[in-house]
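A.B. asks: I have a structure I would like to understand better, so I am pasting it below and will then ask my questions one at a time.
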Amino acid sequence: METRVAVISIILENSASINEVNKLISDCSDYVVGRMGIPYKKRGLSIISIVIDSPQDVISTLSGKLGRLDGVSTKTAYSKYVFND
């Protein structure tokens, strides 16, 4: 199976969406290498970074689903390397 390493950056502007964000990330927990969350109370935001090692379609599907949530913005950066496990 070919996999890529990517970082999905998430800016959460609507705290009502946090449960759905967590559910979507949890659904891909087999691929998640690490997660860092930073509450930015001064601006009323949460910033989350997810490192994921998975097939390309899993990464793009997760990023797309997250980005369609109300008050959630995402950007994904991919490694140039493709790994064959």
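The values are calculated or read from the model by the stated rules, or taken from the named source; none is laboratory data. Owing to the predicted nature of the structure, the values given are computational and were not obtained by experimental measurement. Virtual Cβ from ideal backbone geometry, glycine too; neighbours counted across all protein chains shown.
A.B. asks: For region 48-83, give me each residue that is farther than 25 Å from Met1 by Cβ and either part of a loop (DSSP other than H, G, I, E, B) or touching a Gly at 6+ places or on another chain (Cβ under 7 Å) (or both).
C.D. replies: Listed by number, the residues that qualify are Ile48, Arg68, Leu69, Asp70, Gly71, Ser73.
A.B. asks: Mind checking whether some residue in region 28-43 is under 18 Å from Asp70 (Cβ atoms), at pLDDT 95 or above and either under 13 Å from the mean Cα position of the chain (by Cα) or hydroxyl-bearing (Ser, Thr, Tyr) (or both)?
C.D. replies: Taking every residue of region 28-43 in turn, none turns out to be under 18 Å from Asp70 (Cβ atoms), at pLDDT 95 or above and either under 13 Å from the mean Cα position of the chain (by Cα) or hydroxyl-bearing (Ser, Thr, Tyr) (or both).
A.B. asks: Could you check region 51-77 and list, in sequence order, the residues that are in contact (Cβ under 8 Å) with a residue 60 or more places away in the chain and surrounded by 15 or more Cβ atoms within 10 Å (Cβ to Cβ)?
C.D. replies: Val72, Thr74, Thr76
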